[in-house]
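The values are calculated or read from the model by the stated rules, or taken from the named source; none is laboratory data. Treat the numbers as computed from the prediction; the structure is a model and nothing was measured. Note that we place each Cβ from the backbone using ideal geometry, even for glycine, and neighbour counts take in every protein chain shown. Calculation scope for accessible area: heavy atoms of the full protein, side chains included, ligands and nucleic acids excluded. Shrake-Rupley method; radii C 1.70, N 1.55, O 1.52, S 1.80 Å.
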Amino acid sequence: MRQAGIIAAAGLYALEHNIDRLAVDHRHAKQLAGALVGLPGVRITPEHVETNIVVFDIHETARTAEDVLDRLKAEGLLLGCFGPTTLRAVTHLDISNSQIEQACAILKKVFTHIFKRSSF
């Protein structure tokens with residue numbers, strides 16, 4: 001616990017300098033969630049996205065999260081694994097409006113491609 005001050009300092013800095021930016025991050029997360037709705041094999045409830053974190057299920061793709069993450073990474077999009085068939089995207093202050101649009105396009109391309117072919 002003696003390093004708690006260092007962690008607290010980062011939180012204080014964020015509150016003092018980046019609080020307005022949170023609204024942009026939340027809007028970007030909603031935009032990502034909206035882009036995922038209706039993609040083949042993706043299950044998401046956009047109404048549940050209330051922060052800058054977007055979690056969605058891909059079990060209907062018959063692919064593992066790691067398989068899909070590799071494909072997304074090859075297209076230039078980095079997401080995280082949140083379970084065997086669950087992915088997580090996090091928006092933050094280093095992501096621009098155009099990058100969110102690009103991320104949405106990559107998601108659409110990859111998930112559409114999964115269902116057009118039997119393999120990557």
(request) Would you mind stating whether residue 73 is basic (Lys, Arg), surrounded by 15 or more Cβ atoms within 10 Å (Cβ to Cβ) and either assigned to a helix (DSSP H, G or I) or under 12 Å from the mean Cα position of the chain (by Cα) (or both)? (result) no
(message) Among (1) closer than 22 Å to residue 113 by Cβ; (2) open to solvent by less than 60 Å² (accessible area, probe 1.4 Å), there is one condition residue 43 misses while meeting the rest; what is its number?
(response) (2)
(request) Scan (1) open to solvent by less than 40 Å² (accessible area, probe 1.4 Å); (2) closer than 26 Å to residue 93 by Cα; (3) among the β-branched types (Val, Ile, Thr) for the single condition residue 55 breaks and write down its number. (result) (1)
(message) When the residues of the stretch 82-120 are narrowed to those that are assigned to a helix (DSSP H, G or I), in contact with a Lys or Arg (Cβ under 9 Å, 6 or more places away or on another chain) and at pLDDT below 95, which ends up nearest to residue 41 (Cα to Cα)?
(response) 114
(message) Quick check on this structure: which one of 65, 9 is of a type in the set (A, V, I, L, M, F, W, C), touching a Gly at 6+ places or on another chain (Cβ under 8 Å), open to solvent by less than 70 Å² (accessible area, probe 1.4 Å) and over 18 Å from residue 100 (Cα atoms)?
(response) 65
(request) Test each condition in (1) surrounded by fewer than 17 Cβ atoms within 10 Å (Cβ to Cβ); (2) of a type in the set (A, V, I, L, M, F, W, C); (3) modelled with pLDDT of 95 or more; (4) in a strand (DSSP E or B) for residue 78 and report the one that comes out false. (result) (4)
(message) Here are the criteria: (1) within 19 Å of residue 100 (Cα to Cα); (2) more than 12 Å from the chain's Cα centre (by Cα); (3) at pLDDT 95 or above. Tell me which single one residue 34 does not satisfy.
(response) (2)
